[in-house]
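Below: one structure, written as structure tokens.
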Amino acid sequence: KDPRAVILQSLVEEMFDRFGHDDLYDVARAIEGEAESRLGPKGIYPNVDFYSGLVYRKLGIPRDLFTPVFAIARVAGWLAHWREQLGANRIFRPSQIYSGSQPRSWMPIEQRETSPAA
């Protein structure tokens, strides 16, 4: 298991103990338990980011800013990989084939429905 996730999970528990519980934490724990029972034998576990959304939510960060906050925390690492790749000229990920849904129509964010969890 990602040791950072273990640390953040304990900090999240402490945060909810001190500043009030969030039912979404119970949902996250149930999902984590199910994922670990199904994927743990394959060595797949939630990483540190699994609980970061709960922290952002408790801090009052708007949901539409979760991704930018997530990205800001990683920019230095992404740039380090980029600089390293400039010298080595090799890709740092396996070849991938997209198998998701086909192109969908785009809707401006102002016209989208807001999530009840926001």
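The values are calculated or read from the model by the stated rules, or taken from the named source; none is laboratory data. This is a predicted model, so every value here is computed, not measured. A quick note on method: Cβ atoms are made from the backbone with ideal geometry, for glycine too, and the neighbour counts reach across all protein chains shown.
Key figures
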read-out	value
Candidates Leu79, Leu65, Leu54, filtered to the one that is surrounded by 10 or more Cβ atoms within 10 Å (Cβ to Cβ) and at pLDDT 95 or above	Leu65
For Ala73: the one exception among (1) farther than 19 Å from Leu11 by Cα; (2) more than 11 Å from the chain's Cα centre (by Cα); (3) outside the structural domain of Asp22 (by TED's automatic domain parsing)	(1)
Residues located in region 14-48, provided they are surrounded by 15 or more Cβ atoms within 10 Å (Cβ to Cβ) and within 15 Å of the chain's Cα centre (by Cα)	Tyr25, Ala28, Glu32, Tyr45, Pro46, Val48
Region 82-118, subset of a type in the set (Lys, Arg) and within 30 Å of Pro62 (Cβ to Cβ), residue modelled with the highest pLDDT	Arg112
Of all residues in region 14-52 being part of a helix (DSSP H, G or I) and among the aromatic types (Phe, Trp, Tyr), the one that is farthest from Lys1 (Cα to Cα)	Phe19
